[in-house]
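The values are calculated or read from the model by the stated rules, or taken from the named source; none is laboratory data. Owing to the predicted nature of the structure, the values given are computational and were not obtained by experimental measurement. Using ideal geometry, Cβ is built from the backbone for each residue, glycine included, and neighbour counts are taken over all protein chains shown. For accessibility, only protein heavy atoms count, side chains too; no ligands or nucleic acids. Shrake-Rupley method; radii C 1.70, N 1.55, O 1.52, S 1.80 Å.
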Amino acid sequence: MADAKVIPFDDDRSRQGAQRATRRRPATGRRKAEPGAQPLPGPTTPVSALPGARGPAEQAPGGHVPGGRAGGEAPGGQGAEGPASQGVAGQVREGQASGSPAAGSGARGGAGWDRRVAGGLAFLRRRITGEYEVDEFGYDEELTDQVLMSILRPFYDKYFRVEVKGVENIPAEGGALVVANHSGTLPLDGLMMQVAVHDHHPAGRHLRLLAADLVFMLPIVNELARKAGHTLACSEDAQALLERGEVVGVMPEGFKGIGKPFGERYKLQRFGRGGFVSTALRAGTPIVPCSIVGAEEIYPMIGNSKTLARLLGVPYFPITPTFPWLGPAGLVPLPTKWTIQFGEPIPTDGYPPEAAEDPMLMFNLTDQVREQIQHTLYKLLVQRRSVFF
């Protein structure tokens, strides 16, 4: 592995070398979706909109959907039945007509599976033919929604059992900069934060994470990170995303945060020189502090082999109670209980344009964000019953 160089978020030096290898690039070999392409069915997509699906009048004799009523009328032209008549008696009539009491629910379940299969086939067709879109940073929204989030969601819901609070503090529209603490030896906290925003924000917003250049030097990880909407942690890319109304996530602690010893858990490291504040001021977007509890314990880092880290070209080589002693099995994280809380946004649109160059203002705002995150971490730790429950 080539030696990785960490590019500070607030570094204004030229990043030509790193950006040539990792910056946005056109989607070679990909074509935008043609007007005639079928959309991927979602929760509100009717089955009749799918290729080859029958229309409402063809789904059952007399134009009735199995297990339901068409046009609000009962068979024989009678008016709509009341709630009482649509209960047990309605189910008996449906069972008599179909030969099975569960025929109505079976038809609905079959239609749901048909829709899923048709949607999956349509998705594969677009992947094969290249009829999908990526933005200038390589973000593939369809792949993220349909595949990547589906892979991460079981870890979020079942394994870490993440509880999210205050996600409505992220604005429903326009740009916003989410600033969070970083921990866990491996950066799973950023991915869980991305699922939290994607699945729980009332406006269904997407979080675009800023990542160190090491992420874009790793094979496979590089492509997946781009597809998921991650981009290089530099002021230029962050400002471009904020100005076009995206929600951007940054973890200013960087490798110092995820690589700190277990004895220093939940103690925030240095936030740099306030580069994220300068970017938010230039874009005029609010800063949303975010505190994550639970990630510190997934890989308790009890040691760091600096020699192996230098040989492998990585910032640190963690030693945990299970890694490297158990080999690949030691990479399985502990099933801790997580809480992600988004705090009250800190507005920046009231400052003049030259405020982004004021070092004292950047220091004060950086300290305000850091203190708010640290205070929330302590509060969540006091409220937590157990690491695992």
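Relative contact order, percent, of the stretch 130-236 when contacts are C-alpha pairs under 8 Å separated by at least 6 residues?
34 percent.
Please go through the residue pairs Lys158/Lys306; Lys227/Lys306; Lys165/Lys306; Lys267/Lys306; Lys165/Lys256; Lys227/Lys267 and name each one whose alpha carbons sit more than 29 Å apart in this structure.
Check vs 29 Å cut-off fails for Lys158/Lys306; Lys227/Lys306; Lys165/Lys306; Lys227/Lys267.
Sort Glu142, Glu253 by heavy-atom solvent-accessible area, probe 1.4 angstrom, most to least.
From most accessible down to least: Glu142, Glu253.
Amide H to amide H under 5 Å from Glu163: which residues, 5+ apart in sequence or cross-chain, H placed 1.01 Å off N in plane?
Trp338, Thr339, Ile340
Out of residues 5 or more away from Val247 or on other chains, whose amide H comes under 5 Å of its own, with H placed 1.01 Å from N in the peptide plane?
The list, which skips near neighbours in sequence, is Ala176, His206, Arg208.
Compute log10 of I(q)/I(0) for the stretch 206-309 with the Debye formula, placing one identical point scatterer on every Cα and leaving out solvent, at q = 0.11 Å⁻¹, to two decimals.
For the requested q values the scattering log ratios are -0.41.
Taking all protein chains as present, what is the carbon and sulfur share of the accessible area of the stretch 122-207, in % to the nearest whole number, probe 1.4 Å?
Reported share for carbon and sulfur atoms: 58 percent.
Keeping every protein chain present and rolling a 1.4 Å probe, give me the accessible area per residue for the stretch 215-294 in Å².
Accessible area per residue, the stretch 215-294: 34 Å².
Evaluate the distance, in nm, between pseudo-label points positioned 7 Å from the Cα of Ser386 and of Thr307 along their respective Cα→Cβ axes.
So the label points at Ser386 and Thr307 sit 4.1 nm apart.
Averaging over every viewing direction, what projected area does the convex hull of the Cα atoms of the stretch 256-323 cover, in nm²?
The orientation-averaged projected area of the Cα hull of the stretch 256-323 comes to 6.1 nm².
Debye calculation, C-alpha points only, no solvent: report log10 I(q)/I(0) for the stretch 308-389 at q = 0.15, 0.19, 0.20, 0.27 Å⁻¹, in the same order as the q values.
So the normalised log intensities work out to -0.87, -0.95, -0.97, -1.23.
Find the centroid of the Cα atoms in the stretch 202-225 and in the stretch 127-181, then give the distance between the two in whole Å.
Here the two parts' Cα centres lie 10 Å apart.
Accessible area, 1.4 Å probe, largest first: how do Lys379, Lys267 sort?
My answer, sorted largest first, is Lys267, Lys379.
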